[in-house]
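The values are calculated or read from the model by the stated rules, or taken from the named source; none is laboratory data. As the structure is a prediction and not an experimental result, all values here were calculated from the model. When we count neighbours, we look across all protein chains shown, and the Cβ atoms used for this are built from the backbone with ideal geometry, even at glycine.
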Amino acid sequence: MTGAVTVAGMCGIIGYVGHTESTRPLSVVMEALSRLQYRGYDSAGVVVVNQSGLHHVKKAGKLAALEAELAARPLPAASSAVGHTRWATHGGPTDANAHPHLSPDGAVAVVHNGIIENHDLLRQELLNAGAVFSSQTDTEVAAHLLARAYHQTGDLPDAMCLVAQRLEGAFTLLAVATGQPHLVVGARRTSPLVVGLGEGENFLGSDVAAFVAQTNRALELGQDQVVTITPDSVSVTDFAGQPVEAKHFTVDWDASAAVKGGFATFMEKEIHDQPDAVRDTLLGRTGPQGHLKLDELRVSESLLRSIDKIIVVACGTAAYAGHVAKYAIEHWCRIPTEVELAHEFRYRDAIVTEKTLIVAISQSGETMDTIQAVRHAREQGAKVIAVVNTMGSTIARESDAALYTHAGPEVAVASTKAFLAQITATYLLGLYLAQLRGTMFADEVRAVLSELDQTPAKIQTVIESEDGIKALASAMKETKSVLFLGRHVGFPVAMEGALKLKELAYIHAEGFAAGELKHGPIALIDQGQPVFVVVPSPRGRDALHDKILSNIEEVRARGAVTLVVAEEGDIAVTEFAERVLWVPQTPTLLAPLVAVVPLQIFACALASAKGLDVDQPRNLAKSVTVE
Ligand code: F6R
């Protein structure tokens, strides 16, 4: 069948294997799926394996629908299980298209993340051989092929190698089979897969969040590898079946960080986690003399001294962190710095040489556009430093060095604490380069670091003022459009404020550079139009502050209602504002860390006031693992 094919996009995957038949496999898998829903929530499904064979349940809709189905149709005790939560890229999220997909004879079950690009060809071949399909997915093709190979070889890992060799595109596949109840097999090409190591049990996950509640010992897998887990062993091979070594790592996330901890939503919790996210990202990166040390930067100092250009590549919120980084890095290091959306960078003829340093920013480390940008840059001889939050992720593994953000697991789909941690990490990178290249004196670096050390407490102060911001948001819940203005580092803050409002509250929102206003956007201003303005510190050396006050006057004169984010003590703004959201005094370059917080709280509160699901906004998935 051709035509509308439903393709598994960026999905959450978990596999579990243990010794005895019990309810544990199912409970581990369901718990993991609740953590993994940020990867997709169009449908969910599980399959368990015991001596009698495969037993599965799958359901369109969020995990609650699967839970209800399982309550009505309980699955038997089992020794292994596989679960999937799906974000579809094409076609309807139906029960039939939900994973797992079983072969028609029920011999194997498969879950999948990615896109099998040659699925049409393979489907035709299978149809010619008499196969009957029961879904529109590309995944079902893999289930059919795997069953055939399994009947031929009698061994699931061997069968998986044969199938993986035939597939094109990006995929993570997990499979189980009747007759092999103590074994789960995975294969990966480009899409993510990591192994969790337990005692008498093992795990496979699309990222470490899948098993972080069970173990912090993990294995990274490389490209084009097949992994087989049993209760007591893990073996990794290439697609030809040749053994390969996998690298051990320890997950330093606290499992309790992935629960709501008394908050109504992950989003609120993660906004409250932000002082810790910044503090933890700064932790352990300064020597006794206040000298910055980034031990993990495995790029030679001589190379870092020789670079003549930096290009930051990222998407979405991470790209806004990159915009902030540009202001700081250029100011501190005097290295020309560009910021480019990863998908734009990848498909144009960007000038990249061996003296270009690429900084790839990504929370998940799995954003396909960013992965492709990293690969493209490395092919051209550039060095890549990844600023990543997720250990064992593809971007961390494929870059020359990874500078980890320590935001902990971010579960809400819209990014908050990872953004602050990304900004913090790129400040550290900028200061490190300035220290190394001698563009700042040691005491200047120390002074900025000491200011940075004070930001967690300042962020906390903003969070403590949340009640007033929430009341403002509730009063504005009928608003149809909100504009955000900023200058300098306030510009990316404005864009991030707008993005948060769009994705959480489904309201039209746009962020502008305030100076650009008169070049067009001011035509949008009408009576009653709400406009947030991010006002820079009046203590800055330049005229930024006064310039933005003029911009506020310009929009007010045309009927705008101005909501101003300003530094405590900046009395001058009060006469320009319907409402001032005060933030603690912070040096201009570091101000985004505090200035964005009221905008995050506002967007979250407005969406909640509208009764929307702030953790899982419509149409989104957290890690965008397809291009
Ligand atoms: C917005 C948001 C996205 C991500 C973007 C990149 O709230 O979360 O814009 O920032 O999809 O994701 P990562 O950082 O995982 O590469």
Any idea which residue in the range 24-61 is modelled with the lowest pLDDT, counting only those that are more than 14 Å from Gly83 (Cβ to Cβ) and in a loop (DSSP other than H, G, I, E, B)? Asp42
Name every residue in the range 359-376 that is buried (at least 24 other Cβ atoms within 10 Å of the Cβ) and either in the same structural domain as Gly40 (by TED's automatic domain parsing) or more than 14 Å from the ligand (Cβ to nearest atom) (or both), in order of residue number. none
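Is it the case, given these coordinates, that Thr562 is hydroxyl-bearing (Ser, Thr, Tyr) and without any contact (Cβ under 8 Å) to a residue 24 or more places away in the chain? Explain how you work it out, then say what you get.
On the way: hydroxyl-bearing (Ser, Thr, Tyr): yes; without any contact (Cβ under 8 Å) to a residue 24 or more places away in the chain: no.
In short, no.
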Got a sec? Which of Ala425, Ala442, Ala434, Ala418 is modelled with pLDDT of 95 or more, among the hydrophobic types (A, V, I, L, M, F, W, C) and surrounded by fewer than 24 Cβ atoms within 10 Å (Cβ to Cβ)? Ala434
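Within the range 67-84, can one find any residue that is under 17 Å from Arg39 (Cβ atoms) and polar (S, T, N, Q)? Walk me through it before giving the result.
Of the range 67-84, the ones under 17 Å from Arg39 (Cβ atoms) are 82-84.
Subset that is polar (S, T, N, Q): none.
The answer is no, given that none of the residues of the range 67-84 is under 17 Å from Arg39 (Cβ atoms) and polar (S, T, N, Q).
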For the list (1) surrounded by fewer than 13 Cβ atoms within 10 Å (Cβ to Cβ); (2) part of a loop (DSSP other than H, G, I, E, B); (3) modelled with pLDDT of 90 or more; (4) in contact with a helix residue (DSSP H, G or I) (Cβ under 8 Å, 6 or more places away or on another chain), I need the number of the one condition that Arg305 fails. (2)
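So which of Ala81, Ala71, Ala98 is at pLDDT below 95, under 24 Å from Arg24 (Cβ atoms) and of a type in the set (A, V, I, L, M, F, W, C)? Lay out the reasoning, then the answer.
Values: Ala81 fails: at pLDDT below 95; Ala71 fails: at pLDDT below 95.
Checking each option against the conditions leaves just Ala98.
Tell me, which residue of the range 573-606 that is small (Gly, Ala, Ser) and closer than 20 Å to Gly528 by Cα is modelled with the lowest pLDDT? Spell out the reasoning first.
Kept after step one, since they are small (Gly, Ala, Ser), are these residues of the range 573-606: 577, 591, 595, 603, 605.
Imposing the further condition that a residue be closer than 20 Å to Gly528 by Cα reduces the set to 577, 603.
Working: Ala577: 94, Ala603: 98.
It comes out as Ala577.
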Can you tell me how many residues in the range 280-302 are more than 21 Å from Thr405 (Cα to Cα), part of a loop (DSSP other than H, G, I, E, B) and not polar (S, T, N, Q)? 1
Taking the range 215-252 only, how many residues are in contact with a helix residue (DSSP H, G or I) (Cβ under 8 Å, 6 or more places away or on another chain), surrounded by 19 or more Cβ atoms within 10 Å (Cβ to Cβ) and in a loop (DSSP other than H, G, I, E, B)? 2
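Could you pull out the residue among Ala170, Ala147 that is over 30 Å from Ala213 (Cα atoms) and assigned by TED's automatic domain parsing to the domain that holds Pro100? Reasoning before the result, please.
Working: Ala170 fails: over 30 Å from Ala213 (Cα atoms).
None of the others qualify; the one that does is Ala147.
Within the range 461-569, which helices (runs of 4 or more DSSP H) (wholly inside it) include 3 or more residues that are closer than 23 Å to Ala325 by Cα? Explain how you work it out, then say what you get.
Numbers: elements: 466-475, 490-505, 544-556.
Fully inside the range 461-569 and qualifying: 490-505, 544-556.
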From the list Ala373, Ala360, Ala386, Ala382, which one is modelled with pLDDT of 95 or more and touching a Phe, Trp or Tyr at 6+ places or on another chain (Cβ under 6 Å)? Ala373
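Please enumerate the residues belonging to the range 391-422 that are in a helix (DSSP H, G or I) and within 18 Å of Ile601 (Cα to Cα).
As a first pass, look at the range 391-422 and keep what is in a helix (DSSP H, G or I): 394-398, 417-422.
If the condition is that a residue be in a helix (DSSP H, G or I) and within 18 Å of Ile601 (Cα to Cα), then Lys417, Ala418, Phe419, Leu420, Ala421 are the ones that fit.
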Which residues, counting only those in the range 400-456, are within 13 Å of the ligand (Cβ to nearest atom), of a type in the set (D, E, K, R) and either out of contact with any helix residue (DSSP H, G or I) (no Cβ under 7 Å at 6 or more places or on another chain) or within 19 Å of His323 (Cβ to Cβ) (or both)? Lys417
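One line per residue, one yes/no per condition, for (1) in contact with a Pro (Cβ under 9 Å, 6 or more places away or on another chain); (2) not assigned by TED's automatic domain parsing to the domain that holds Ala81:
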| site | (1), (2) |
| --- | --- |
| Pro157 | no, no |
| Arg166 | no, no |
| Leu193 | no, no |
| Gly200 | yes, no |
| Phe203 | no, no |
| Leu221 | yes, no |
| Phe239 | no, no |
| Val259 | no, yes |
Taking the range 304-321 on its own, how many of its residues are near the ligand (Cβ under 8 Å from one of its atoms) and either under 14 Å from Val384 (Cα atoms) or outside the structural domain of Thr426 (by TED's automatic domain parsing) (or both)? 1
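Only one of Val352, Val339 is crowded, with 16+ Cβ neighbours inside 10 Å and either in a helix (DSSP H, G or I) or within 16 Å of the ligand (Cβ to nearest atom) (or both). Can you tell me which?
After ruling out the rest, the residue left standing is Val339.
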